[in-house]
Every structure is written in C-alpha cells, then in structure tokens.
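The values are calculated or read from the model by the stated rules, or taken from the named source; none is laboratory data. A quick note: this is a predicted structure, and the numbers were derived from the prediction, not measured. No Cβ is skipped: glycine too gets one built from the backbone with ideal geometry, and neighbour counts run over all protein chains shown.
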Amino acid sequence: MDENEVFPVDNEDDDVVVTLNLDDGTEVTCEILTIFDLNDQDYIVLLPLDENGEENPDGEVYIYRYFEDETGAPSLDNIQSDEEYAAVSARFDELFGDELDAE
C-alpha cells in the first residue's frame with residue numbers, strides 16, 4: 001500500500017458509525033472519518049458523536065491503530081508512544097486540515 005493512500009469513508013447517504021467500548025465501561029458512538037496508512041501501519045480516525053448523533057462541538061477525534069484479521073474483522077489498538085501519536089496526528093492534519101478548517 002502506498003504511504004499516501006487514503007481511504008475516506010464519505011458515503012453521502014449514510015455515515016459509517018461504530019460504537020466503542022471504552023476502558024471505563026462507557027460506550028461512545030463515533031463516525032468513521034477515514035482510514036489511512038503511515039509507515040506500513042493503518043490508522044483509523046473516529047469522530048465521537050453526542051447523544052443526538054451530532055458531531056461533538058469540540059471537534060475532538062479519536063485516532064487508533066487499525067487492523068483486520070484473516071477473516072476481515074476490524075480491530076483497534078491504542079497508539080503506544082507519544083512519538084507515534086505525534087507523527088500520526090501530523091499526517092492526519094496534512095490530509096484533512098483544510099477540510100476541518102472549512103467546517
């Protein structure tokens with residue numbers, strides 16, 4: 001996969017939504033913004049939604065490592081280091097900074 005390859009999840013009819021189960025036992029509904037590759041690792045960017053299914057007012061996003069097992073089932077993993085998170089955040093800003101500023 002090319003490092004610049006991006007998989008925007010932008011279905012005009014229906015947004016793709018997932019529910020995360022957080023470590024504290026709470027559930028958060030999120031819209032999948034995109035999945036992109038950096039240094040041969042896929043990352044997923046999730047936008048938490050409020051109780052009405054609307055975007056959170058802070059524009060906060062969650063970024064995780066993204067994997068698919070041999071059956072194609074998705075799996076998320078936390079980013080372990082500050083350096084990795086900084087690189088992934090910078091790449092996300094490169095790819096989507098202009099789009100986010102326009103909203």
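Structure summary
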| quantity | calculated |
| --- | --- |
| Of all residues in the range 60-72 being within 16 Å of the chain's Cα centre (by Cα) and part of a loop (DSSP other than H, G, I, E, B), the one that is farthest from ILE35 (Cα to Cα) | GLU60 |
| Answer residue from the range 72-90, given it is at pLDDT 90 or above and of a type in the set (Ser, Thr, Tyr) and is surrounded by the fewest Cβ atoms within 10 Å (Cβ to Cβ) among those | SER81 |
| Residue that is assigned to a loop (DSSP other than H, G, I, E, B) and either in contact (Cβ under 8 Å) with a residue 12 or more places away in the chain or closer than 22 Å to THR19 by Cα (or both), where the choices are PRO48, PRO57 | PRO57 |
